[in-house]
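Engineer: Take this structure, written in structure tokens, and hold onto it; I'll ask about it next.
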Amino acid sequence: MEKKECSSAEVDHSSPKDEFQELLQTLEHQTNWDGQRLVKYEGIWNHLVEGLTFSIANRSVFPIDRSPLLTSNPHNVVPALEFDLYWGKGEENPDPESFPEPRILATHIPFEILPDSIRESDCRIIYISRNPLDIFISQRQFLLENKFAKDAVPLELDEAFDMFCRGITAYGPFWDHMLGYWNAHLKNPERFLFLKYEDLKGDILSNVKKIAEFMGFPFSPEEEKQGVVEQISRLCSFENLKNLEVNKSGNVMD
């Protein structure tokens, strides 16, 4: 089969772009977006935050030693709004009320094109940012390792980096994506939490407690005394997640 040269934007989900736009239009008419939402730019490093939000919200249901994260990839326990719930579903749009509580969803969608039913709802939104150079490297490595990129000849590093700097990526320019949620956080910090990946790794315990407070699942003094914050932090650490058998393939597209 003849191989073709593809940019990272072409490889990384650009094919369903038109379908995403149509699906986003349908979201405007839906209600009950009263859960938690995790928004991120591109990159598999988001495993950390997906794992944390799920574990914080579900700690009364799943003890650490029985956490679904021990046997499932974080992307599988926190469904992606545009991929897992809407893409390829035709007219069978899901009813948000049917989602199990607590409702935690992930998305890459820029703030500017979120439907009004989400932006104006009471759901709390967490945004995770990262150094743009690290985003580019992580994104490129992800594309090279996953199956949908196997038949494509990657661009030279310099050309791919130039395209990234010019905003030619699947979810648009990095700065526009980040600033949309940063400005939303400044206007309404009670609904929008803006996190930096570097800060999260540097002081994970304080940030885990911050996330729990923001989500409405604060740790009790007894939980803190029992080391629950530390247990969740260790479970969801990048070092622990990458060593679990379910995550060792490096391929989240299976």
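Engineer: Pairs under 6 Å by beta carbon, first residue within 23 Å of Val228 (Cβ to Cβ) in the stretch 57-86, partner of a type in the set (Asp, Glu) and at pLDDT 85 or above, six or more apart or different chains?
Structural biologist: Pro74/Glu50; Val78/Glu50
Engineer: Let me ask something else. Spot the failing condition for Asp116; the list is (1) under 16 Å from the mean Cα position of the chain (by Cα); (2) surrounded by fewer than 19 Cβ atoms within 10 Å (Cβ to Cβ); (3) within 21 Å of Phe83 (Cα to Cα), and only one is missed.
Structural biologist: (1)
Engineer: Would you say Leu195 is closer than 30 Å to Arg66 by Cα, assigned to a strand (DSSP E or B), within 20 Å of the chain's Cα centre (by Cα) and touching a residue at least 60 places away in the same chain (Cβ under 8 Å)?
Structural biologist: Taking the combined requirement at face value, the residue satisfies it.
Engineer: For the stretch 31-62, which residues satisfy the criterion of being in a loop (DSSP other than H, G, I, E, B) and either aliphatic (A, V, I, L, M) or modelled with pLDDT of 90 or more (or both)?
Structural biologist: Across the stretch 31-62, the qualifying residues are Asn58, Arg59, Ser60, Val61, Phe62.
Engineer: Condition first: assigned to a loop (DSSP other than H, G, I, E, B) and either within 17 Å of Val61 (Cα to Cα) or without any contact (Cβ under 8 Å) to a residue 60 or more places away in the chain (or both). Now tell me which residues in the stretch 210-239 satisfy that.
Structural biologist: Those that are assigned to a loop (DSSP other than H, G, I, E, B) and either within 17 Å of Val61 (Cα to Cα) or without any contact (Cβ under 8 Å) to a residue 60 or more places away in the chain (or both): Gly216, Phe217, Pro218, Phe219, Ser220, Gly227, Cys236.
Engineer: Also, I was wondering about something else. So which residues in the stretch 77-92 are over 11 Å from the mean Cα position of the chain (by Cα) and modelled with pLDDT of 85 or more, if there are any at all?
Structural biologist: Val77 - this is the single residue of the stretch 77-92 that is over 11 Å from the mean Cα position of the chain (by Cα) and modelled with pLDDT of 85 or more.
Engineer: OK, next. With the checklist (1) surrounded by fewer than 18 Cβ atoms within 10 Å (Cβ to Cβ); (2) among the polar types (S, T, N, Q); (3) over 17 Å from Thr71 (Cα atoms) in hand, flag the one item Asn240 doesn't pass.
Structural biologist: It fails just one condition, (3).
Engineer: Right, next: Considering only residues that are out of contact with any helix residue (DSSP H, G or I) (no Cβ under 7 Å at 6 or more places or on another chain), without any contact (Cβ under 8 Å) to a residue 60 or more places away in the chain and either hydroxyl-bearing (Ser, Thr, Tyr) or assigned to a helix (DSSP H, G or I) (or both), which ones fall in the stretch 160-182?
Structural biologist: Asp162, Cys165, Trp175, Leu179, Trp182
Engineer: Separate question: When the residues of the stretch 119-133 are narrowed to those that are of a type in the set (A, V, I, L, M, F, W, C) and outside any strand (DSSP E or B), which ends up surrounded by the fewest Cβ atoms within 10 Å (Cβ to Cβ)?
Structural biologist: Leu133
The values are calculated or read from the model by the stated rules, or taken from the named source; none is laboratory data. Everything quoted here is computed from the prediction, not taken from an experiment. Using ideal geometry, Cβ is built from the backbone for each residue, glycine included, and neighbour counts are taken over all protein chains shown.
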